[in-house]
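A.B. asks: Take this structure, written in structure tokens, and hold onto it; I'll ask about it next.
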Amino acid sequence: MLDQAPSIGRSALDACDAALQWLVGSSRGSTYAVSRWIFLRALGLIFLIAFVSLWVQVKGLIGSQGILPVQDLLRSAQAQLGPERYRLLPTLLWVNASDTALTVVCALGTAAALALVADLAPTVMLVVLWALYLSLTVVGRDFLSFQWDVLLLETALLALFVAPRHLLPDRASGAVSALGLVLLWWLLFRLSFASGLVKLTWGDPTWRHLTALDYHFWTQPLPTWTAWFMQQLPAWLKRVSVLATFVLEIGFPLLIFGPRPLRLVACVGIVLMQLGIFATGNYNFFNLLTIALALLLIDDQLWARVLPDALLRGSAPGSGDAWRASGVVAISFGVVLLVTSTLRFVQTLAPGPPSGGPPGVVLGWLEPLRSINGYGLFRVMTTVRREIVLEGSDDAVTWRPYELKYKPGDVSRRPGFVEPHQPRLDWQMWFAALSEYEATPWFQGLLVRLLQGSPAVLRLLAGNPFPDHPPRYVRALLYDYRFTTPAERRATGAWWSRTLLGAYSPVVSLRP
């Protein structure tokens, strides 16, 4: 009887293997060696963008003289959480949380990303990248709380299932794991489908009445100059575009697990959707990461038709399925990820508090790892644009404005493209304007750093109106912004029109 156990285990693995191979089309001749090679290079480049983008901001955001110092967070956690802090805040910065340590983490992440691009030890590099980026997101709080940050973590974790295990570059590195493909396709489906469906299930009237694009182009966090022109489109065309959004986000993802021709159609639809967003808004590396996931829907047969032979040479798939080398461990881990991500997906689609019971307990335990997530962008469309303008003064009479690098401020400054870089302070200023001053603790920290003249924080701004000394007073005013009409722009040259609403914060000073 005991001798039958290994046989039963192998039979179960064989059956699972056959089902996965059928689902991805491997049993019908589809291979994905080229797709894997392209995906991992793209993922390495996206990690490179993420780490370099953060590197140039990290001291001003969470450094010792930054807006939300990481040292304060870890000291507070140590005092309040005890040993539990390591589970709830899984970060390597427990070892050292100095400004130098933040720089080292960004530098190591940059080096690991370059190594992944160069195909050096891809499995090892993915683990390193995941651990380093998780360490930063844990302590980054508001400034690293975006959906694309956790999407990058989840993608890196799932990419381990398809990554080859060689140490030195080797294009012919064996067959692509069907289990890994299914998990990554499932991630792409959840991301795209949920982003479409929540627009309907969360009850926002602008999506249901097809008027969301009447507001989106000028209320999004960092508009581009192309968004100004898109705003001028006829109302009927913007309503048609909303319908197209639903089709691309809800309909096309349903084709992901269909036959090969339907998968290719899904890829085209998802990529077109992301290119449209990329062309009219600054969403850093999010669009690139979604496109990288979508490219995994293309098999080698199609790549052979569009790519030169020199790029394809050496990418012939090997035999076997890589995940089976780890047998029960790999399939068990994959099943856990599939089940828990499904629970999270269902939770995302249903408005209201998180579900309790065993599923809620499991998701709660996994939450600190930020690697099994729910997605759904633009559940509710913002219909007004509030902008916070920071000002400083020496006498509380004459005020000079601080200009942010990429946010609307000067109404005559043309909105620009900054992607794939994410100016995280500019982004958070958009969210702060939607909330109250008292409910935005990090904003109060920003005002203190301006009064102190923190060089790290001032480097996050477009300029310093007080180059010789910090101001004695700072305040924040709240404006209502909107795009100008074509007639207004012809008359004034301005891209924006603004109206003062009042004070966002009180006048603040470090002195009595």
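Values in this text are rule-based calculations from the coordinates and carry no lab data. The model shown is predicted, which means the values in this text are computed figures rather than measured ones. Positions of Cβ are backbone-derived with ideal geometry, glycine not excepted, and every protein chain shown enters the neighbour counts.
A.B. asks: Below 28 Å Cα-Cα, how many Lys pairs turn up in the chain? Only count pairs eight or more apart in sequence, or on different chains, if you could.
C.D. replies: Qualifying lysine pairs in the chain: 5.
A.B. asks: Related question: What does the helix-only formula give at 222 nm for the chain: each DSSP H stretch with n ≥ 4 adding -39500 (n - 2.57), the total divided by the residues, and the result rounded to the nearest 500 deg cm²/dmol?
C.D. replies: It lands at -17000 deg cm²/dmol.
A.B. asks: Under the Karplus relation 6.51 cos²θ - 1.76 cosθ + 1.60, θ = phi - 60°, what is the ordered set of whole-Hz ³J(HN,Hα) values for segment 372-380, x standing for Gly and Pro?
C.D. replies: Rounded to whole hertz, the list is 9, 10, x, 10, x, 7, 6, 4, 10.
A.B. asks: Follow-up. Would you please put 238-249, 458-469, 134-145 in order of how densely packed they are, using the mean number of other Cβ atoms within 10 angstrom per residue and starting with the highest?
C.D. replies: 134-145, 238-249, 458-469
A.B. asks: Each residue of segment 189-202 in order: what ³J(HN,Hα) in whole Hz does its phi give by Karplus 6.51 cos²θ - 1.76 cosθ + 1.60, θ = phi - 60°, with x for Gly and Pro?
C.D. replies: Going residue by residue, I get 4, 4, 4, 6, 5, 5, 4, x, 6, 5, 5, 9, 6, 8 Hz, with x marking Gly and Pro.
A.B. asks: May I pose another question? Tell me, what is the percent relative contact order of the chain, built from C-alpha pairs under 8 Å that lie six or more residues apart?
C.D. replies: 20
A.B. asks: Something else now. Taking the chain as the reference, fit the longest principal axis to its C-alpha atoms, fit the long axis of helix 235-246 to the helix C-alpha atoms, and give the angle between the two in degrees, 0 to 90, nearest 10.
C.D. replies: That helix lies at roughly 40 degrees to the long axis.
A.B. asks: Of H421, F378, F345, whose Cα points farthest to the positive end of the dipole of segment 338-430 (charges on the beta-carbon: +1 Lys, Arg; -1 Asp, Glu; origin at the Cα centre)?
C.D. replies: Checking the options against the dipole of segment 338-430, the answer is F345.
A.B. asks: Calculate how steeply helix 328-349 sits against the longest principal axis of the alpha-carbon atoms of the chain, using the helix alpha-carbon long axis, and give the answer as 0 to 90 degrees to the nearest 10.
C.D. replies: The helix 328-349 is inclined about 40 degrees to the chain.
A.B. asks: Projecting each Cα onto the charge dipole of the chain (Lys/Arg +1, Asp/Glu -1 at the beta carbon, about the Cα centre), which of L272, I331, V198 comes out farthest on the positive side?
C.D. replies: L272
A.B. asks: Can you give the log10 of the normalised intensity I(q)/I(0) at q = 0.06 Å⁻¹, computed with Debye over equal Cα scatterers of the chain?
C.D. replies: -0.32
A.B. asks: For the chain, what is the charge dipole size about the Cα centre, in debye to the nearest 20, if Lys and Arg each add +1 at the Cβ and Asp and Glu each add -1 at the Cβ?
C.D. replies: The calculated dipole for the chain is roughly 600 debye.
A.B. asks: If you don't mind, another one. Ranked highest first by average number of other Cβ atoms within 10 Å, how do 262-274, 285-297 line up?
C.D. replies: 285-297, 262-274
A.B. asks: For helix 122-140, what angle does its Cα long axis make with the longest principal axis of the chain, in degrees from 0 to 90 and rounded to 10?
C.D. replies: So the helix axis and the longest Cα principal axis differ by about 30 degrees.
A.B. asks: Tell me the relative contact order for segment 115-184 as a rounded percent, counting alpha carbon contacts under 8 Å between residues six or more apart.
C.D. replies: 39
A.B. asks: With θ taken as phi - 60° and the coefficients 6.51, -1.76 and 1.60, list the Karplus ³J(HN,Hα) couplings across segment 452-464 in order, rounded to whole Hz; mark glycine and proline as x.
C.D. replies: Working through the residues one at a time gives 8, x, 4, x, 5, 6, 4, 5, 7, 9, 6, x, 10 Hz.
A.B. asks: Binning at 5 angstrom from zero up to the longest distance, how are the C-alpha pair distances of segment 78-197 distributed in percent?
C.D. replies: 2, 10, 16, 19, 19, 15, 10, 7, 2, 0, 0
A.B. asks: Dimensions of segment 118-271 along principal axes (Cα, Å, largest first)?
C.D. replies: Ordered largest first, segment 118-271 gives principal extents of 55, 43, 29 Å.
A.B. asks: Moving to a separate point now. At 25 °C and 0.890 mPa s, grab the translational diffusion coefficient of segment 343-480 from Stokes-Einstein with a Kirkwood Rh over Cα pairs, rounded to a whole number in µm² per second.
C.D. replies: Rounded, D is 136 µm²/s.
A.B. asks: Dipole of segment 177-296 (Lys/Arg Cβ +1, Asp/Glu Cβ -1, origin at the Cα centre): which of W225, N282, F189 lies farthest to the positive side?
C.D. replies: Checking the options against the dipole of segment 177-296, the answer is F189.
A.B. asks: While we're here: Work out the length of the dipole vector of segment 157-252 about its Cα centre, built from +1 on the beta-carbon of each Lys and Arg and -1 on the beta-carbon of each Asp and Glu, and round it to the nearest 20 debye.
C.D. replies: So the dipole magnitude of segment 157-252 works out to roughly 80 debye.
A.B. asks: Something else about it: Go through 75-88, 57-70 and give me the packing order, highest mean Cβ count within 10 Å leading.
C.D. replies: 57-70, 75-88
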